[in-house]
Amino acid sequence: MTASITQLAIYLVVLLVLSVPVGWYIARVMEGKSAVNRIFGGIEHFLYRLCGIRADAGMGWKQYALALLLFNIVGLFVVYSLQRLQMWLPLNPAGMANVSADSSFNTAVSFVTNTNWQGYVGESTMSYLTQMLALSVQNFVSAATGIAVAFALIRGFARHSSKSIGNFWVDMTRASLYVLLPLSVLVAVVLMSQGVIQNFKSYVEVSTLETTAYTVPRLDPQGQPLKDEKGNPLVDDMKTSKQTLPMGPVASQEAIKMVGTNGGGFFNANSAHPYENPTPLSNFVQMLAILIIPAALCTSFGMLVGDRRQGWAILAAMTLLFIVMALTVMHFEQQSNPALAAAHAAQGSGMMEGKETRFGTIASSLFAAITTAASCGAVNAMHDSLSPLGGLVPMLQMQLGEVVYGGVGAGLYGMLIFAVLAVFIAGLMIGRTPEYLGKKIGVFDMKMMSIAILMTPALVLVLTAISVMVESGLAGIANPGAHGFSEILYAFSSAANNNGSAFAGLSANTPYYNVMTGIAMWLGRFGIIVPVLAMAGSLAGKKRLAATSGTLPTHGPLFVALLIGAVILVGALTYVPALALGPVIEHLQMMAIH
């Protein structure tokens, strides 16, 4: 366990030290007050003139929300169309066919909502043009949308008696040009230095040193495995002495995949693939890239509301929750499997099934904790192979609302929603009207907060319940029993919370799951963003109240504890019965082998 604590400590020290200057930089460029704005302001204003945008015009929350929704709806149609037409478009050296309608719908919703759920095999489904123009572009603009919403809410707290929460087009442009693009270029260069490929070559076929024998499952027209009368899967025996090595512009997509907490891999194996993540150093850089903006935005928040301690309190709550989660999954993944122990198999490295030997259990477990703490979803190991309680941690982090750092922008505005809940609970305890940062929390604010908090649990639990009752939902389960239930619960937890990782034992690339997870992703994203913007507009229009002796300090240890309590109370307890039916039962079954 010492090695786990050491690696976690090194990671957090580097992350938190870098988050301060990055957060300062983001706050400055998003408000147009940095040297970068002055240097590149001409390009920025040229884009505004080209698109007919009045950069100096503020927007009320309804106008801001309408612009955001329209932009993302247009993006949805563009991504869908590129997939459906890729056979006839350029930059398709492997001759990829057009993607099916239901898979195209799912992928379009997935990348527009910053979820990046992938039910397809990237290297055999998407052309280079689709990967770049559809998926990589959405990696930028979906992340920029999250940052824009976070700053709209920050302005709601920072401004008073104002009808404006900013300008969506300006926020999105600055987030893309000045934050996401430079960080992605930097990360891409580092990844290429480590061996991540970046080219437009055709796929390369090579001869292997020996002939490989393998089996291929027989599938029905719906893509489901065929079985014989005894329920055994039908397979065909195959042999080959050739191997096809996929090529492509990987490093550029890998960089924004991490920096924008997107998570969609160029290859099906994601960051476990050696062309995406070849070395321990590239692995560390990718883990750092995932959380750098979510952590830095806490510094930005403190700066813009005029009290940096407020940002530190939010960051402290996130970090304490993350430390507990990360150490828990690292602990369980370093334990021995009772089934293998009963067979007298050596397990000196812990539970290595589904993990890459170049990373080992510690780095793989830390990556799993990081990618589900953020709404990233990238993986460098198979989450389906995690131990029952090790797998519970990534699932629970998503179910908390993706606020343990969370996604780019989404983590901060999600945690601020819980901060409003925390001061409301504190107000009930002492009989005072709740206040946060000098803003009185009214009835409308509480309604919007309730919708934002309850939206994802409702989606996850209702859609999971439906899926375990209908034949189309049960047909995708490869592992019956408690683990099969966990696979479905994980899928909808990931989709509704816009994470994108999966217990990949579930065959989710079917019309049923493509549509159901698509609905979960869309409502899980915009069903929260709209109430958050409504709350931002309400708060911006209020006067700032002077602090009194009865005002709850929201920058000290007491508030941090109260905030963590609110997250656990609402997030964790909502899912206790469902978690008991899945990973908890599976853990008890595994331990019963003794």
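The values are calculated or read from the model by the stated rules, or taken from the named source; none is laboratory data. Everything quoted here is computed from the prediction, not taken from an experiment. Every residue, glycine as well, gets a Cβ built from its backbone with ideal geometry; the counts of neighbours run over all protein chains shown. Just so you know, the surface numbers come from the protein's heavy atoms only, side chains and all, with ligands and any DNA or RNA stripped out. Shrake-Rupley method; radii C 1.70, N 1.55, O 1.52, S 1.80 Å.
Would you call residue 547 small (Gly, Ala, Ser), open to solvent by 10 Å² or more (accessible area, probe 1.4 Å) and free of Cβ contacts under 8 Å to residues at least 12 places away in the same chain? Please lay out each step first, then the result.
Details: small (Gly, Ala, Ser): yes; open to solvent by 10 Å² or more (accessible area, probe 1.4 Å): yes; free of Cβ contacts under 8 Å to residues at least 12 places away in the same chain: no.
Considered against the rule, which asks whether it is small (Gly, Ala, Ser), open to solvent by 10 Å² or more (accessible area, probe 1.4 Å) and free of Cβ contacts under 8 Å to residues at least 12 places away in the same chain, residue 547 comes out as no.
Take the conditions in a helix (DSSP H, G or I) and open to solvent by 50 Å² or more (accessible area, probe 1.4 Å) and apply them to residue 428. Does it pass?
Answer is yes for this residue.
Could you check, for the stretch 510-530, whether at least one of its residues is open to solvent by 10 Å² or more (accessible area, probe 1.4 Å), in a loop (DSSP other than H, G, I, E, B) and farther than 30 Å from residue 435 by Cβ?
Taking every residue of the stretch 510-530 in turn, at least one turns out to be open to solvent by 10 Å² or more (accessible area, probe 1.4 Å), in a loop (DSSP other than H, G, I, E, B) and farther than 30 Å from residue 435 by Cβ.
For the stretch 252-265, state whether one or more residues are farther than 17 Å from residue 407 by Cβ, part of a helix (DSSP H, G or I) and open to solvent by 10 Å² or more (accessible area, probe 1.4 Å).
yes
Right, residue 412: surrounded by fewer than 24 Cβ atoms within 10 Å (Cβ to Cβ) and not aromatic (Phe, Trp, Tyr) or not? Full working, then the answer.
Values: surrounded by fewer than 24 Cβ atoms within 10 Å (Cβ to Cβ): no; not aromatic (Phe, Trp, Tyr): yes.
Against the criterion (surrounded by fewer than 24 Cβ atoms within 10 Å (Cβ to Cβ) and not aromatic (Phe, Trp, Tyr)), residue 412 does not qualify.
Looking for something of a type in the set (Ser, Thr, Tyr) and open to solvent by 10 Å² or more (accessible area, probe 1.4 Å) - is there at least one such residue anywhere in the stretch 106-113?
Start the filter on the stretch 106-113 by keeping residues that are of a type in the set (Ser, Thr, Tyr), which leaves 107, 110, 113.
After this cut, where a residue has to be open to solvent by 10 Å² or more (accessible area, probe 1.4 Å) as well, the list is none.
No, that holds for no residue.
Which condition breaks for residue 119 when tested against (1) outside any loop (DSSP other than H, G, I, E, B); (2) of a type in the set (Gly, Ala, Ser); (3) farther than 16 Å from residue 173 by Cα?
With (1) outside any loop (DSSP other than H, G, I, E, B); (2) of a type in the set (Gly, Ala, Ser); (3) farther than 16 Å from residue 173 by Cα applied to residue 119, the lone miss is (1).
Residue-by-condition table, conditions (1) in contact (Cβ under 8 Å) with a residue 40 or more places away in the chain; (2) in a loop (DSSP other than H, G, I, E, B); (3) open to solvent by 10 Å² or more (accessible area, probe 1.4 Å):
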site: 480; (1), (2), (3): no, yes, yes
site: 488; (1), (2), (3): no, no, no
site: 492; (1), (2), (3): no, no, no
site: 502; (1), (2), (3): yes, yes, yes
site: 536; (1), (2), (3): yes, no, no
site: 558; (1), (2), (3): no, no, yes
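For the stretch 28-51, state whether one or more residues are open to solvent by less than 20 Å² (accessible area, probe 1.4 Å), within 17 Å of residue 292 (Cα to Cα) and touching a residue at least 12 places away in the same chain (Cβ under 8 Å). Spell out the reasoning first.
To start, the set of residues in the stretch 28-51 that are open to solvent by less than 20 Å² (accessible area, probe 1.4 Å) comprises 29-30, 34, 37, 41, 44, 48.
Filter once more, so that each one left must be within 17 Å of residue 292 (Cα to Cα): 29-30.
Within this subset, residues satisfying the condition of being touching a residue at least 12 places away in the same chain (Cβ under 8 Å) are 29-30.
Yes, because at least one residue in the stretch 28-51 is open to solvent by less than 20 Å² (accessible area, probe 1.4 Å), within 17 Å of residue 292 (Cα to Cα) and touching a residue at least 12 places away in the same chain (Cβ under 8 Å).
For the stretch 52-92, which positions are open to solvent by 60 Å² or more (accessible area, probe 1.4 Å), farther than 15 Å from residue 170 by Cα and of a type outside the set (Ser, Thr, Tyr)?
We begin by selecting, within the stretch 52-92, every residue open to solvent by 60 Å² or more (accessible area, probe 1.4 Å); these are 52, 54, 56, 61-63, 66, 70, 73-74, 77-78, 80, 84-85, 87-88, 90-91.
Then drop every residue that is not farther than 15 Å from residue 170 by Cα, which leaves 62, 70, 73-74, 77-78, 80, 84-85, 87-88, 90-91.
Hits for the stretch 52-92 are 62, 70, 73, 74, 77, 78, 84, 85, 87, 88, 90, 91.
How many residues does the stretch 273-319 hold that are within 24 Å of residue 246 (Cα to Cα), of a type in the set (Val, Ile, Thr) and touching a Phe, Trp or Tyr at 6+ places or on another chain (Cβ under 9 Å)?
Selection size over the stretch 273-319: 0.
Between a first residue in the stretch 79-103 that is touching a residue at least 60 places away in the same chain (Cβ under 8 Å) and a second residue that is surrounded by fewer than 16 Cβ atoms within 10 Å (Cβ to Cβ) and of a type in the set (A, V, I, L, M), which pairs have beta carbons less than 7 Å apart while being 6 or more apart in sequence or on different chains?
Matching pairs, first to second residue: 102/515.
Restricting to the stretch 134-158, name every residue that is over 20 Å from residue 452 (Cβ atoms) and either open to solvent by 10 Å² or more (accessible area, probe 1.4 Å) or not in a helix (DSSP H, G or I) (or both). Give the steps one after another, and end with the answer.
Let us first name the residues in the stretch 134-158 that are over 20 Å from residue 452 (Cβ atoms), namely 134-141, 144.
Of everything in the stretch 134-158, those that are over 20 Å from residue 452 (Cβ atoms) and either open to solvent by 10 Å² or more (accessible area, probe 1.4 Å) or not in a helix (DSSP H, G or I) (or both) turn out to be 136, 137, 138, 140, 141.
Scan the stretch 580-591 for residues that are open to solvent by 80 Å² or more (accessible area, probe 1.4 Å) and either in a loop (DSSP other than H, G, I, E, B) or free of Cβ contacts under 8 Å to residues at least 12 places away in the same chain (or both) and report the count.
The qualifying residues number 1.
Which residues, counting only those in the stretch 538-550, are of a type outside the set (S, T, N, Q) and not in a helix (DSSP H, G or I)?
Applying the first criterion (of a type outside the set (S, T, N, Q)) to the stretch 538-550 yields 539-547, 550.
Matches in the stretch 538-550: 541, 542, 543, 544, 545, 546, 547, 550.
Would you point out the residue of the stretch 1-26, among those that are among the polar types (S, T, N, Q) and either within 24 Å of the chain's Cα centre (by Cα) or closer than 15 Å to residue 294 by Cβ (or both), that is most open to solvent (accessible area, probe 1.4 Å)? Spell out the reasoning first.
Residues of the stretch 1-26 among the polar types (S, T, N, Q): 2, 4, 6-7, 19.
Applying the additional criterion that residues be either within 24 Å of the chain's Cα centre (by Cα) or closer than 15 Å to residue 294 by Cβ (or both) yields 4, 7, 19.
Working: 4: 0, 7: 62, 19: 1 Å².
Per the criteria, the residue is 7.
Tell me, please, whether a residue that is assigned to a loop (DSSP other than H, G, I, E, B), more than 30 Å from residue 60 (Cα to Cα) and either of a type in the set (Gly, Ala, Ser) or touching a His at 6+ places or on another chain (Cβ under 8 Å) (or both) can be found in the stretch 464-473. Explain how you work it out, then say what you get.
Start the filter on the stretch 464-473 by keeping residues that are assigned to a loop (DSSP other than H, G, I, E, B), which leaves 468-470.
Imposing the further condition that a residue be more than 30 Å from residue 60 (Cα to Cα) reduces the set to 468-470.
Narrowing further to those that are either of a type in the set (Gly, Ala, Ser) or touching a His at 6+ places or on another chain (Cβ under 8 Å) (or both): none.
Within the stretch 464-473, not a single residue is assigned to a loop (DSSP other than H, G, I, E, B), more than 30 Å from residue 60 (Cα to Cα) and either of a type in the set (Gly, Ala, Ser) or touching a His at 6+ places or on another chain (Cβ under 8 Å) (or both).
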